[in-house]
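Enquirer: Structure in C-alpha coordinates, see below.
The values are calculated or read from the model by the stated rules, or taken from the named source; none is laboratory data. Computed from a predicted structure; not experimentally measured. With ideal geometry, Cβ positions are generated from the backbone for all residues, glycine too; neighbour counts draw on all protein chains shown. In case anyone asks, the SASA skips ligands and DNA or RNA and just uses the protein heavy atoms, side chains included. Shrake-Rupley method; radii C 1.70, N 1.55, O 1.52, S 1.80 Å.
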Amino acid sequence: MTAITATTLSDGRELFYFDDAGTTGPGEGSSGMSTAGAERTKAASRTPAADQRALPPRGEPGEVRFDALTDEWVAVAAHRQTRTHLPPADQCPICPTTPANASEIPAADYDVVVFENRFPSLGPALGPVPGQAAWGTALPAYGRCEVVSFTPEHTGSFSGLGQTRARTVVEAWAQRTAALSALPGIKQVFPFENRGADIGVTLHHPHGQIYAYSYVTPRAAAIGAAARRYYEAHDGRGTLTGSLLRSEREDGSRMILEGNHFSAYVPFAARWPLEIHLVPHRQVPDLAALDGKEKDELSQVYLELLQRVDALYPTPTPYISAWHQAPLEAAHRESGYLHLQLTSPRRAADKLKYLAGSEAAMGAFINDTTPEAVAERLRAVRVQAPCGAATAAGTTAPAVPGPAEPQGAPA
(Lines give C-alpha, C1' and ligand atoms only; values in the text may rest on other atoms or scores of the structure.)
Protein backbone atom coordinates (compact mmCIF):
# COMPACT_ATOMS: atom_id res chain seq x y z
CA MET A 1 0.00 0.00 0.00
CA THR A 2 1.11 3.56 -0.71
CA ALA A 3 1.84 5.47 2.50
CA ILE A 4 0.77 9.11 2.53
CA THR A 5 2.19 11.75 4.87
CA ALA A 6 0.81 15.29 5.01
CA THR A 7 2.68 18.40 6.12
CA THR A 8 2.59 22.15 5.48
CA LEU A 9 5.09 24.56 4.00
CA SER A 10 6.11 27.75 5.78
CA ASP A 11 3.40 29.82 4.05
CA GLY A 12 0.66 27.34 4.96
CA ARG A 13 0.42 25.42 1.69
CA GLU A 14 -0.28 21.71 1.97
CA LEU A 15 2.24 19.09 0.85
CA PHE A 16 1.77 15.31 0.64
CA TYR A 17 4.44 12.61 0.41
CA PHE A 18 3.39 9.43 -1.42
CA ASP A 19 5.70 6.47 -0.85
CA ASP A 20 6.31 3.57 -3.19
CA ALA A 21 4.72 0.33 -2.02
CA GLY A 22 7.19 -1.75 -0.05
CA THR A 23 9.05 1.18 1.47
CA THR A 24 8.50 2.30 5.03
CA GLY A 25 7.90 6.01 4.81
CA PRO A 26 8.44 9.19 2.83
CA GLY A 27 10.95 11.85 2.55
CA GLU A 28 14.36 10.73 3.77
CA GLY A 29 16.35 8.42 1.52
CA SER A 30 13.90 7.03 -1.05
CA SER A 31 15.19 8.23 -4.40
CA GLY A 32 13.29 7.38 -7.56
CA MET A 33 15.72 4.69 -8.65
CA SER A 34 16.69 3.27 -5.25
CA THR A 35 15.37 0.31 -3.28
CA ALA A 36 14.16 0.42 0.29
CA GLY A 37 17.78 0.22 1.45
CA ALA A 38 17.53 3.49 3.29
CA GLU A 39 15.74 1.56 6.07
CA ARG A 40 13.51 4.43 7.04
CA THR A 41 11.13 3.94 9.93
CA LYS A 42 7.46 4.79 10.21
CA ALA A 43 8.16 6.98 13.21
CA ALA A 44 10.67 9.04 11.28
CA SER A 45 8.42 9.23 8.23
CA ARG A 46 5.57 10.74 10.24
CA THR A 47 7.71 13.72 11.21
CA PRO A 48 8.84 15.07 7.85
CA ALA A 49 11.44 17.79 7.65
CA ALA A 50 10.13 21.29 8.31
CA ASP A 51 10.24 24.03 5.67
CA GLN A 52 12.92 26.42 6.94
CA ARG A 53 12.23 29.18 4.41
CA ALA A 54 10.67 32.47 5.48
CA LEU A 55 8.13 32.69 2.68
CA PRO A 56 5.83 35.71 2.41
CA PRO A 57 2.12 35.19 3.16
CA ARG A 58 0.03 33.79 0.36
CA GLY A 59 -1.62 36.37 -1.86
CA GLU A 60 -5.25 36.74 -2.78
CA PRO A 61 -6.52 34.77 -5.77
CA GLY A 62 -6.67 36.24 -9.24
CA GLU A 63 -10.06 36.53 -10.86
CA VAL A 64 -12.33 34.86 -13.35
CA ARG A 65 -14.21 36.99 -15.84
CA PHE A 66 -17.33 35.94 -17.70
CA ASP A 67 -17.08 36.01 -21.50
CA ALA A 68 -20.66 36.76 -22.50
CA LEU A 69 -19.84 36.15 -26.19
CA THR A 70 -18.99 32.47 -25.63
CA ASP A 71 -20.75 31.82 -22.31
CA GLU A 72 -17.42 30.81 -20.73
CA TRP A 73 -15.28 31.79 -17.75
CA VAL A 74 -11.74 33.08 -18.34
CA ALA A 75 -9.14 33.09 -15.55
CA VAL A 76 -6.97 36.21 -15.19
CA ALA A 77 -3.76 35.41 -13.30
CA ALA A 78 -1.35 38.30 -13.84
CA HIS A 79 0.51 37.39 -10.64
CA ARG A 80 1.92 34.32 -12.40
CA GLN A 81 4.23 36.54 -14.48
CA THR A 82 6.81 36.22 -11.68
CA ARG A 83 6.76 32.43 -11.45
CA THR A 84 9.97 30.41 -11.81
CA HIS A 85 10.98 29.85 -15.44
CA LEU A 86 13.40 27.10 -16.52
CA PRO A 87 15.89 27.41 -13.64
CA PRO A 88 19.25 25.59 -13.70
CA ALA A 89 19.31 22.19 -12.04
CA ASP A 90 20.98 23.46 -8.87
CA GLN A 91 18.08 25.91 -8.36
CA CYS A 92 15.20 23.60 -9.23
CA PRO A 93 12.24 24.26 -6.91
CA ILE A 94 11.02 20.64 -6.91
CA CYS A 95 14.27 18.78 -6.42
CA PRO A 96 14.87 17.62 -2.83
CA THR A 97 16.14 20.33 -0.49
CA THR A 98 19.92 20.65 -0.09
CA PRO A 99 22.01 23.08 1.97
CA ALA A 100 22.54 25.12 -1.20
CA ASN A 101 18.96 24.94 -2.48
CA ALA A 102 16.00 25.22 -0.10
CA SER A 103 13.33 23.98 -2.48
CA GLU A 104 9.56 23.58 -2.31
CA ILE A 105 10.13 20.07 -0.95
CA PRO A 106 11.87 20.19 2.47
CA ALA A 107 12.87 16.52 2.45
CA ALA A 108 16.37 15.38 1.49
CA ASP A 109 14.73 12.72 -0.71
CA TYR A 110 11.26 11.46 -1.61
CA ASP A 111 9.31 9.16 -3.92
CA VAL A 112 6.32 11.19 -5.18
CA VAL A 113 5.21 14.55 -3.82
CA VAL A 114 2.06 16.61 -4.34
CA PHE A 115 1.89 20.20 -3.08
CA GLU A 116 -0.09 23.38 -3.61
CA ASN A 117 1.36 25.54 -6.36
CA ARG A 118 3.06 28.69 -5.08
CA PHE A 119 1.88 30.56 -8.20
CA PRO A 120 -1.64 29.19 -8.75
CA SER A 121 -3.93 30.11 -11.62
CA LEU A 122 -6.84 29.24 -9.31
CA GLY A 123 -7.12 29.65 -5.54
CA PRO A 124 -6.11 29.41 -2.80
CA ALA A 125 -9.57 30.69 -1.79
CA LEU A 126 -12.55 28.40 -2.35
CA GLY A 127 -16.09 29.33 -3.18
CA PRO A 128 -18.91 29.02 -5.72
CA VAL A 129 -18.97 30.42 -9.24
CA PRO A 130 -22.36 30.63 -10.99
CA GLY A 131 -22.95 28.63 -14.13
CA GLN A 132 -23.92 31.76 -16.04
CA ALA A 133 -23.44 35.48 -15.56
CA ALA A 134 -23.71 38.79 -17.40
CA TRP A 135 -21.13 40.89 -19.21
CA GLY A 136 -18.82 42.64 -16.76
CA THR A 137 -18.96 39.91 -14.11
CA ALA A 138 -15.63 39.30 -12.36
CA LEU A 139 -15.22 37.01 -9.36
CA PRO A 140 -12.31 35.62 -7.33
CA ALA A 141 -10.58 32.74 -9.13
CA TYR A 142 -11.72 30.12 -6.65
CA GLY A 143 -10.15 26.69 -6.91
CA ARG A 144 -6.88 24.92 -6.30
CA CYS A 145 -3.73 24.14 -8.29
CA GLU A 146 -1.32 21.40 -7.23
CA VAL A 147 2.05 20.21 -8.53
CA VAL A 148 2.85 16.48 -8.76
CA SER A 149 6.56 15.66 -8.76
CA PHE A 150 7.03 12.17 -10.17
CA THR A 151 10.59 11.61 -8.93
CA PRO A 152 13.38 13.37 -7.02
CA GLU A 153 15.58 13.02 -10.12
CA HIS A 154 15.89 16.31 -12.00
CA THR A 155 16.30 14.73 -15.42
CA GLY A 156 14.30 12.06 -17.19
CA SER A 157 10.60 11.67 -17.85
CA PHE A 158 7.55 9.69 -16.80
CA SER A 159 8.33 7.04 -19.42
CA GLY A 160 11.61 6.31 -17.62
CA LEU A 161 10.01 5.59 -14.26
CA GLY A 162 9.87 2.07 -12.92
CA GLN A 163 6.53 0.30 -12.69
CA THR A 164 6.41 0.68 -8.90
CA ARG A 165 6.94 4.43 -9.14
CA ALA A 166 4.34 4.79 -11.89
CA ARG A 167 1.87 2.94 -9.67
CA THR A 168 2.58 5.45 -6.87
CA VAL A 169 1.80 8.33 -9.22
CA VAL A 170 -1.49 6.69 -10.22
CA GLU A 171 -2.37 6.37 -6.54
CA ALA A 172 -1.50 10.03 -5.98
CA TRP A 173 -3.75 11.08 -8.88
CA ALA A 174 -6.61 9.01 -7.49
CA GLN A 175 -6.22 10.19 -3.89
CA ARG A 176 -5.95 13.85 -4.83
CA THR A 177 -8.92 13.56 -7.21
CA ALA A 178 -11.04 12.31 -4.32
CA ALA A 179 -9.75 14.95 -1.90
CA LEU A 180 -10.11 17.88 -4.29
CA SER A 181 -13.56 16.75 -5.39
CA ALA A 182 -14.69 17.10 -1.77
CA LEU A 183 -13.62 20.75 -1.46
CA PRO A 184 -16.42 23.35 -1.40
CA GLY A 185 -17.27 24.90 -4.74
CA ILE A 186 -15.18 22.52 -6.89
CA LYS A 187 -16.92 21.36 -10.07
CA GLN A 188 -14.14 19.63 -12.00
CA VAL A 189 -10.76 18.03 -11.22
CA PHE A 190 -8.15 17.80 -13.99
CA PRO A 191 -4.80 15.94 -13.64
CA PHE A 192 -2.40 16.62 -16.53
CA GLU A 193 1.22 16.75 -17.62
CA ASN A 194 2.81 19.27 -19.98
CA ARG A 195 6.00 17.68 -21.25
CA GLY A 196 8.70 19.43 -23.29
CA ALA A 197 9.84 22.93 -24.13
CA ASP A 198 7.72 22.89 -27.30
CA ILE A 199 4.65 22.60 -25.09
CA GLY A 200 5.79 25.55 -22.95
CA VAL A 201 6.93 23.93 -19.71
CA THR A 202 8.55 26.22 -17.13
CA LEU A 203 10.36 23.42 -15.21
CA HIS A 204 12.42 20.61 -16.72
CA HIS A 205 12.01 18.37 -13.65
CA PRO A 206 9.55 15.54 -14.45
CA HIS A 207 6.23 16.65 -13.01
CA GLY A 208 2.54 17.14 -13.67
CA GLN A 209 -0.24 19.26 -12.26
CA ILE A 210 -3.79 18.99 -10.97
CA TYR A 211 -6.33 21.79 -11.37
CA ALA A 212 -9.54 21.89 -9.36
CA TYR A 213 -11.93 24.29 -11.08
CA SER A 214 -14.89 26.13 -9.59
CA TYR A 215 -16.59 25.92 -12.99
CA VAL A 216 -16.89 23.30 -15.73
CA THR A 217 -14.32 23.99 -18.43
CA PRO A 218 -15.46 24.47 -22.05
CA ARG A 219 -13.92 21.23 -23.31
CA ALA A 220 -15.39 19.20 -20.47
CA ALA A 221 -18.78 20.83 -21.01
CA ALA A 222 -18.78 19.91 -24.71
CA ILE A 223 -17.71 16.31 -24.04
CA GLY A 224 -20.21 16.07 -21.21
CA ALA A 225 -23.09 17.36 -23.32
CA ALA A 226 -22.38 14.82 -26.08
CA ALA A 227 -22.11 12.04 -23.49
CA ARG A 228 -25.41 13.05 -21.91
CA ARG A 229 -27.24 13.09 -25.24
CA TYR A 230 -26.01 9.58 -26.06
CA TYR A 231 -26.86 8.30 -22.59
CA GLU A 232 -30.41 9.63 -22.73
CA ALA A 233 -30.95 8.41 -26.31
CA HIS A 234 -30.04 4.91 -25.11
CA ASP A 235 -32.24 5.08 -22.00
CA GLY A 236 -29.27 5.02 -19.69
CA ARG A 237 -28.03 1.66 -20.97
CA GLY A 238 -25.03 2.88 -22.94
CA THR A 239 -22.21 5.40 -22.76
CA LEU A 240 -20.69 7.37 -25.61
CA THR A 241 -17.07 6.68 -24.69
CA GLY A 242 -17.89 3.01 -24.19
CA SER A 243 -19.46 2.80 -27.64
CA LEU A 244 -16.42 4.50 -29.21
CA LEU A 245 -14.10 2.04 -27.51
CA ARG A 246 -16.15 -0.87 -28.81
CA SER A 247 -16.17 0.54 -32.34
CA GLU A 248 -12.42 1.13 -32.35
CA ARG A 249 -11.70 -2.36 -31.06
CA GLU A 250 -14.00 -3.95 -33.64
CA ASP A 251 -12.39 -1.95 -36.46
CA GLY A 252 -8.86 -2.52 -35.15
CA SER A 253 -6.97 -0.31 -37.59
CA ARG A 254 -6.29 2.42 -35.02
CA MET A 255 -5.76 0.24 -31.94
CA ILE A 256 -2.38 0.43 -30.20
CA LEU A 257 -2.62 -1.59 -26.98
CA GLU A 258 -5.25 -3.89 -25.49
CA GLY A 259 -5.27 -5.15 -21.92
CA ASN A 260 -7.66 -6.71 -19.45
CA HIS A 261 -8.78 -3.36 -18.05
CA PHE A 262 -7.52 -0.64 -20.45
CA SER A 263 -7.09 -0.16 -24.18
CA ALA A 264 -5.42 2.60 -26.21
CA TYR A 265 -6.16 3.79 -29.72
CA VAL A 266 -5.76 6.71 -32.09
CA PRO A 267 -9.29 8.11 -32.42
CA PHE A 268 -11.07 8.00 -35.78
CA ALA A 269 -11.30 11.82 -35.93
CA ALA A 270 -7.98 12.71 -34.29
CA ARG A 271 -7.33 16.45 -34.25
CA TRP A 272 -3.58 16.40 -33.56
CA PRO A 273 -0.69 14.87 -35.56
CA LEU A 274 -0.24 12.52 -32.62
CA GLU A 275 -3.34 11.79 -30.51
CA ILE A 276 -4.03 8.74 -28.36
CA HIS A 277 -6.97 7.90 -26.15
CA LEU A 278 -6.47 5.49 -23.24
CA VAL A 279 -9.81 4.17 -21.98
CA PRO A 280 -10.80 1.80 -19.16
CA HIS A 281 -13.05 -1.10 -20.13
CA ARG A 282 -15.35 -0.34 -17.20
CA GLN A 283 -17.26 2.91 -16.97
CA VAL A 284 -15.94 4.97 -14.07
CA PRO A 285 -16.24 8.76 -13.69
CA ASP A 286 -12.70 9.40 -12.47
CA LEU A 287 -9.39 7.94 -11.32
CA ALA A 288 -10.60 7.70 -7.73
CA ALA A 289 -13.21 5.12 -8.82
CA LEU A 290 -10.66 2.65 -10.23
CA ASP A 291 -10.09 -0.53 -8.25
CA GLY A 292 -6.68 -1.93 -7.33
CA LYS A 293 -6.30 -4.22 -10.35
CA GLU A 294 -7.27 -1.42 -12.71
CA LYS A 295 -4.70 0.91 -11.15
CA ASP A 296 -2.05 -1.79 -11.41
CA GLU A 297 -2.67 -2.29 -15.13
CA LEU A 298 -2.98 1.44 -15.76
CA SER A 299 0.53 2.03 -14.42
CA GLN A 300 1.85 -0.66 -16.80
CA VAL A 301 -0.10 0.35 -19.89
CA TYR A 302 0.56 4.06 -19.45
CA LEU A 303 4.31 3.47 -19.17
CA GLU A 304 4.34 1.41 -22.35
CA LEU A 305 2.23 3.97 -24.16
CA LEU A 306 4.63 6.80 -23.29
CA GLN A 307 7.61 4.65 -24.27
CA ARG A 308 6.05 4.05 -27.68
CA VAL A 309 5.43 7.77 -28.11
CA ASP A 310 9.06 8.56 -27.24
CA ALA A 311 10.34 5.87 -29.62
CA LEU A 312 8.75 7.52 -32.66
CA TYR A 313 11.56 10.07 -33.12
CA PRO A 314 15.27 10.43 -32.26
CA THR A 315 14.45 12.98 -29.54
CA PRO A 316 11.76 12.92 -26.82
CA THR A 317 8.27 13.77 -28.01
CA PRO A 318 6.57 16.85 -26.53
CA TYR A 319 3.04 16.10 -25.36
CA ILE A 320 0.09 17.06 -23.20
CA SER A 321 -1.27 14.17 -21.17
CA ALA A 322 -4.81 15.12 -20.12
CA TRP A 323 -7.03 13.04 -17.83
CA HIS A 324 -10.65 13.71 -18.71
CA GLN A 325 -12.69 13.04 -15.59
CA ALA A 326 -16.43 13.58 -15.28
CA PRO A 327 -17.34 16.94 -13.73
CA LEU A 328 -18.91 16.65 -10.30
CA GLU A 329 -22.50 17.54 -11.23
CA ALA A 330 -24.81 14.53 -11.01
CA ALA A 331 -25.81 14.60 -14.68
CA HIS A 332 -22.16 14.36 -15.73
CA ARG A 333 -21.42 11.50 -13.33
CA GLU A 334 -24.09 9.22 -14.80
CA SER A 335 -22.94 9.51 -18.40
CA GLY A 336 -19.31 10.57 -17.94
CA TYR A 337 -16.44 8.18 -18.59
CA LEU A 338 -12.84 8.58 -17.45
CA HIS A 339 -10.28 8.55 -20.24
CA LEU A 340 -6.87 9.95 -21.13
CA GLN A 341 -6.25 12.12 -24.18
CA LEU A 342 -2.55 12.31 -25.00
CA THR A 343 -1.73 14.80 -27.76
CA SER A 344 1.41 16.14 -29.41
CA PRO A 345 1.90 18.90 -32.00
CA ARG A 346 4.87 17.03 -33.47
CA ARG A 347 4.06 16.05 -37.06
CA ALA A 348 7.58 15.01 -38.08
CA ALA A 349 11.01 14.68 -36.51
CA ASP A 350 11.75 18.35 -37.26
CA LYS A 351 8.25 19.82 -37.63
CA LEU A 352 5.54 21.02 -35.26
CA LYS A 353 1.92 21.79 -35.95
CA TYR A 354 0.98 25.31 -34.90
CA LEU A 355 -2.59 26.30 -34.20
CA ALA A 356 -3.11 28.91 -36.89
CA GLY A 357 -6.23 30.52 -38.36
CA SER A 358 -8.64 27.60 -38.69
CA GLU A 359 -7.70 25.94 -35.42
CA ALA A 360 -7.00 28.93 -33.17
CA ALA A 361 -9.75 31.21 -34.48
CA MET A 362 -12.49 28.75 -35.42
CA GLY A 363 -11.63 25.64 -33.39
CA ALA A 364 -11.80 23.71 -36.68
CA PHE A 365 -8.82 21.35 -36.70
CA ILE A 366 -7.03 20.19 -39.83
CA ASN A 367 -4.85 17.15 -39.16
CA ASP A 368 -1.57 16.73 -41.03
CA THR A 369 -1.45 12.96 -40.46
CA THR A 370 -3.86 10.06 -40.85
CA PRO A 371 -4.92 8.29 -37.63
CA GLU A 372 -4.45 4.86 -39.19
CA ALA A 373 -0.83 5.57 -40.20
CA VAL A 374 -0.01 6.99 -36.77
CA ALA A 375 -1.47 3.93 -35.05
CA GLU A 376 0.51 1.61 -37.32
CA ARG A 377 3.74 3.42 -36.44
CA LEU A 378 2.98 3.26 -32.71
CA ARG A 379 2.27 -0.48 -32.93
CA ALA A 380 5.49 -1.09 -34.85
CA VAL A 381 7.98 0.61 -32.53
CA ARG A 382 10.00 -1.63 -30.26
CA VAL A 383 9.86 -0.95 -26.53
CA GLN A 384 10.67 -2.82 -23.37
CA ALA A 385 7.13 -3.23 -22.09
CA PRO A 386 6.61 -3.36 -18.31
CA CYS A 387 5.96 -6.82 -16.93
CA GLY A 388 2.27 -7.63 -17.27
CA ALA A 389 1.51 -4.75 -19.63
CA ALA A 390 -1.12 -4.92 -22.33
CA THR A 391 -0.36 -6.57 -25.64
CA ALA A 392 0.13 -4.48 -28.75
CA ALA A 393 -2.95 -4.49 -30.93
CA GLY A 394 -2.66 -6.89 -33.83
CA THR A 395 -1.09 -9.56 -31.61
CA THR A 396 -3.00 -12.01 -29.47
CA ALA A 397 -4.78 -9.76 -26.99
CA PRO A 398 -6.73 -11.07 -24.01
CA ALA A 399 -10.46 -11.28 -24.59
CA VAL A 400 -12.39 -8.62 -22.74
CA PRO A 401 -16.13 -9.30 -22.66
CA GLY A 402 -18.34 -6.27 -23.02
CA PRO A 403 -15.64 -3.59 -22.78
CA ALA A 404 -17.75 -0.79 -24.15
CA GLU A 405 -20.43 -0.55 -21.51
CA PRO A 406 -20.45 -0.22 -17.71
CA GLN A 407 -20.28 -3.34 -15.59
CA GLY A 408 -22.34 -2.09 -12.68
CA ALA A 409 -23.05 1.47 -11.67
CA PRO A 410 -20.19 3.99 -11.66
CA ALA A 411 -18.51 4.32 -8.30
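Enquirer: Quick one: compute the contact order of region 173-265, relative version, from alpha carbon pairs under 8 angstrom and 6+ residues apart, as a percent.
Expert: Normalised by residue count, the contact order of region 173-265 is 17 percent.
Enquirer: Could I ask something else about it? Can you list the DSSP H helices in the chain whose Cα atoms extend at least 30 Å along the helix axis and whose mean Kyte-Doolittle hydropathy is -1.0 or higher?
Expert: For the chain, where a helix must reach 30 Å along its axis and average at least -1.0, there are no hits.
Enquirer: Sticking with this one: Given the DSSP H assignment, sum -39500 (n - 2.57) over each helix run of at least 4 residues in the chain and divide by its residue total; what's the result at 222 nm in deg cm²/dmol, nearest 500?
Expert: The helix-only estimate for the chain comes to -6500 deg cm²/dmol at 222 nm.
Enquirer: Sort the following peptides by mean Cβ neighbour count (other Cβ atoms within 10 Å, averaged over residues), highest first: 108-114, 89-95, 250-256.
Expert: Per-residue mean Cβ counts within 10 Å order the peptides as 108-114, 250-256, 89-95.
Enquirer: Where a Cα-Cα gap under 20 Å defines reach, which aspartates and glutamates qualify for residue 187, not counting those fewer than 8 residues away within the same chain?
Expert: 63, 67, 71, 72, 116, 146, 286, 329, 334
Enquirer: About the Cα centre, and with charges only on the beta carbon of Lys, Arg (+1) and Asp, Glu (-1), how big is the dipole of region 42-99? Nearest 20 debye, please.
Expert: Here region 42-99 has a charge dipole of around 460 debye.
Enquirer: Please check: in the Gaussian network model of the chain (C-alpha springs, under 10 Å), which one of 104, 116, 359 has the largest mean-square fluctuation.
Expert: 359
Enquirer: In addition: Which of 384, 209, 188 moves most in a GNM of the chain, Cα contacts under 10 Å?
Expert: Maximum fluctuation in the GNM of the chain, among the listed residues, is at 384.
Enquirer: Between the alpha-carbon centers of region 255-269 and region 62-140, tell me the distance in whole angstrom.
Expert: 33 Å
Enquirer: Which of the aspartates and glutamates could be linked to residue 293 by a straight reach, that is with a Cα gap under 18 Å, when you skip same-chain ones fewer than 8 residues away?
Expert: 20, 171, 258, 304
Enquirer: What full-extension length gain, to one decimal in nm, is calculated for residue 235 and residue 47 as 0.36 nm per residue of separation minus the Cα-Cα distance?
Expert: Values: separation 188, 0.36 × 188 = 67.68 nm, distance 5.27 nm.
Length difference between fully extended and current span is 62.4 nm.
Enquirer: What residue among 211, 230, 17 has the largest mean-square fluctuation in a Gaussian network model of the chain, using Cα springs under 10 Å?
Expert: 230
Enquirer: Mind listing the phi-derived Karplus ³J(HN,Hα) values for region 276-281, rounded to whole Hz, using 6.51, -1.76 and 1.60 with θ = phi - 60°, and x for any glycine or proline?
Expert: So the J values, rounded to whole Hz, are 10, 10, 10, 10, x, 6.
Enquirer: Based only on the alpha carbon positions, what is the Kirkwood hydrodynamic radius of the chain, in angstrom? Can you show the working numbers first?
Expert: On the way: mean 1/r = 0.0450 Å⁻¹.
Evaluated over the chain, this radius sits at 22.2 Å.
Enquirer: Expressed as a whole percentage, what fraction of the accessible surface of the chain belongs to carbon and sulfur atoms when a 1.4 Å probe is rolled over the protein heavy atoms?
Expert: 55 percent
Enquirer: Quote the relative contact order of the chain in percent (integer), defining contacts as alpha-carbon pairs under 8 Å separated by 6+ residues.
Expert: 15 percent
Enquirer: Taking only protein heavy atoms into account and a 1.4 Å probe, give the accessible area per residue of the chain in Å².
Expert: Value for the chain: 43 Å² per residue.
Enquirer: How would you rank 274-285, 347-358, highest first, on the average number of other Cβ atoms within 10 Å across their residues?
Expert: Result, highest mean first: 274-285, 347-358.
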